[in-house]
1. Inside segment 360-373, can you point out the residues that are assigned to a helix (DSSP H, G or I) and either at pLDDT 95 or above or open to solvent by 10 Å² or more (accessible area, probe 1.4 Å) (or both)?
2. Could you check residue 422 against (1) out of contact with any Cys (no Cβ under 9 Å at 6 or more places or on another chain); (2) open to solvent by less than 30 Å² (accessible area, probe 1.4 Å) and say which number it fails?
3. State whether the residues of segment 222-245 include one that is at pLDDT below 85 and under 25 Å from residue 314 (Cβ atoms).
4. Hey, could you check segment 290-316 for residues that are without any contact (Cβ under 8 Å) to a residue 60 or more places away in the chain and in a helix (DSSP H, G or I) and say which is farthest from residue 158 (Cα to Cα)?
5. What do you reckon, is residue 565 closer than 30 Å to residue 365 by Cβ, modelled with pLDDT of 80 or more, open to solvent by 20 Å² or more (accessible area, probe 1.4 Å) and touching a helix residue (DSSP H, G or I) at 6+ places or on another chain (Cβ under 8 Å)?
6. I'd like to verify a number: residues in segment 64-121 that are surrounded by 17 or more Cβ atoms within 10 Å (Cβ to Cβ), among the aromatic types (Phe, Trp, Tyr) and more than 29 Å from the chain's Cα centre (by Cα), how many?
7. Residue 416: open to solvent by less than 10 Å² (accessible area, probe 1.4 Å) and not aromatic (Phe, Trp, Tyr), yes or no?
8. Going through segment 230-248 one residue at a time, which ones are of a type in the set (S, T, N, Q) and open to solvent by less than 20 Å² (accessible area, probe 1.4 Å)?
Amino acid sequence: MLKDVVIDMPTDMRNQEGNFSRFDLDYNPPKPGGITSLTVDIAASSRIPNEPRPPQRWKTPEFVFYYVVALFAIPFMAWVPIHLSSPLHPNYPYYRHRLSPGWMFGREVDNSDTQYRSFRNNILPLSLLVLLFIALKYIYTRSVLRSASSIPSDKLYLIPFFLAFSALYLIGLHGTSIFKIIFILTTNYWIAKTSRGSRMGPLLTWIFNVLVLFANDIYGGYRYANFHPSLEVLDAFQGIYPRWHINFNITMLRLVSFNMDYYWAHNSRGGESLSSASTEKQRANTPLPLEDYTYWNYIAYVLYPPLYIAGPILTFNNFMWQLHHPTDIPIRAQIRYLVRFLVSLLTMESILHYMYVVAIKDAKAWQGYTPLEMSLIGFWNLIVVWLKLLLPWRFFRLWSLACGIDPPENMVRCVVNNYSTLGFWRSWHRSYNLWVVRYIYIPLGGTKNTALTTALIFSFVALWHDLSFRLLAWGWLVTLFILPELLARYLLPQTQYGQFSWYRHVCAIGGVFNMLMMASANLVGFVIGTEGIMYMASQILGTWQGFRFLLAASCIIFVGIQLMFEYREEEMRKGVYRRC
């Protein structure tokens, strides 16, 4: 259902501070106010309350000019795809068959993206499932507390409820394929336990899980009849979503998390206690007592219903910590999060009703388009990719918050509010980024082998998404495009040149190249592929009209980056410090 989950570049752990959970009892989040109230409300990666910041530039003549440019550029960027989506446009017949009846002002809707359609068409059933889960959890909790002699300080009593609901949940989703899933999960658990903290544990864990990913793809989730003809009867009941192997990629991350956390716990020499692990990073890094790494805790974690389908990705240590030390997630905060989700959903619906960019892209109905029109079709396809991932992630995270478990937030920056390649991957699929850092980046040496580690990580991440050359090409392009930023940071460090007035503008020029390269890489990986990007490049670079457009677009991106710079400065003036 949610296979093509876009991935993340690992962060430099030498500079990564602990991230306070938004709802930790001992955490008082800043109240930015003003424009920075639009910032996604997660804890900052560091806080320097009295650090001096440059004076505001919002009211300077330079920024007044930027506002004028934005006032004309942004509406024009929206008008072009709306114009191309008109039924009166000559190319409309080429993609009309991909449109569906809509509900917004008599417009048709572009519901042609298979991945998002599976979520959009099931929002109501999923919402009813969430309400059922919460109601049953409430009833179960009341019955447990009523029969208990004293009120427990933890929520470990929820493990049986999670197990029972997960069993029913998986049977409904995947039918008899639940036996295949349990077999894989049990084998992975057996690897962890029989290794008993030896170095063979991580090695066998990775070999097993990578082989499972390849086997799932090659054999399409397997059929019982292929094992033995007498088992063919089990293939009859496949559930409402029989392709369980598609979203098993997400499950695989939890299998690795448990085994690696158990390995490190076995080899831990003590240190920080669970009660002092108040930050997101500390909760993931602090080993649990070995008696917590049981089979039933493991199954409850891997199959935890709110996060099973698409994440966000939560480590085993963090999951169990939050059961040991329940935190208060205020209803008001959950309502704010729900409103944010609904606004994002309405934004997506508006785009799908007025910009048929996905249908145009899939039908390759761009004959006669100018370089400007071709580029904006690609740009709005990237916006759709961002929203189609953001919406499921926020839906399932909201479900988890309603159940008292706070997973990491994904997509903490808008897709067009990124000028740094490294920062982009940190803010996109953030929970996956944290997983990659903990279980791949640091074990491979981190910054000691940056280039090699980056290439290996993005190759793995590409293949984890899909065993295709297009995604592999995407991974290699991303690795290549990160190198210029690393080189620029080395040659022009902010600590040495940041006080000069020209430095901000040079950084903005570098940001323009970063954004063009990031857009190109993601168009290859998730929108139009290598063939489409070659056609677009020929239209832009092969004609004088295309070159003029590229020059104008670069100038507009430069303006946008200056506004991004000042937005981040405003965040820091309000006490919000991020590395993206």
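The values are calculated or read from the model by the stated rules, or taken from the named source; none is laboratory data. Predicted, not measured: the structure shown is a model, and the values here were computed from it. Note that we place each Cβ from the backbone using ideal geometry, even for glycine, and neighbour counts take in every protein chain shown. Keep in mind that these areas ignore ligands, DNA and RNA; they rest on the heavy atoms of the full protein, side chains included. Shrake-Rupley method; radii C 1.70, N 1.55, O 1.52, S 1.80 Å.
1. Within segment 360-373, 361, 362, 363, 372, 373 meet the criteria.
2. Going through (1) out of contact with any Cys (no Cβ under 9 Å at 6 or more places or on another chain); (2) open to solvent by less than 30 Å² (accessible area, probe 1.4 Å) one by one, residue 422 breaks only (1).
3. no
4. Of everything passing the filter in segment 290-316, 290 is farthest from residue 158 (Cα to Cα).
5. Judged against the criteria, residue 565 is not a match.
6. Selection size over segment 64-121: 3.
7. Taking the combined requirement at face value, the residue does not satisfy it.
8. Residues of segment 230-248 of a type in the set (S, T, N, Q): 230, 238, 247.
247 - this is the single residue of segment 230-248 that is of a type in the set (S, T, N, Q) and open to solvent by less than 20 Å² (accessible area, probe 1.4 Å).
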